[in-house]
Amino acid sequence: MRIDKDWTGQPKDADGSTPKQRTALVGSGTGYEDTIPFLTYNKNPTGNAAGTVDMKAYLQWLTTNKYGINMTVN
């Protein structure tokens, strides 16, 4: 799905609707260095999968840093 911006600078999908996925910065935002502990890269990535994310550890980090995200990870 292609995302463009309308005359106000707001992102819009090709059909003119507002995209369902959003990005947001909380505080100073999350940087690459913050994600390193939760990522495991594949030695030989294939397709769109370059690795995995430890979602339980990531959720704990979000909670510890007061991001206020209520999520269940199985």
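Here are a few things to note about the model shown:
- For THR40, the test of being modelled with pLDDT of 80 or more, touching a strand residue (DSSP E or B) at 6+ places or on another chain (Cβ under 7 Å) and among the β-branched types (Val, Ile, Thr) is passed.
- Residue in the range 8-23 that is modelled with pLDDT under 80 and among the acidic types (Asp, Glu) present: yes
The values are calculated or read from the model by the stated rules, or taken from the named source; none is laboratory data. Quantities reported herein were computed from a predicted structural model and do not represent experimental measurements. Cβ: placed from backbone, ideal geometry, glycine included. Neighbour counts: every protein chain shown.
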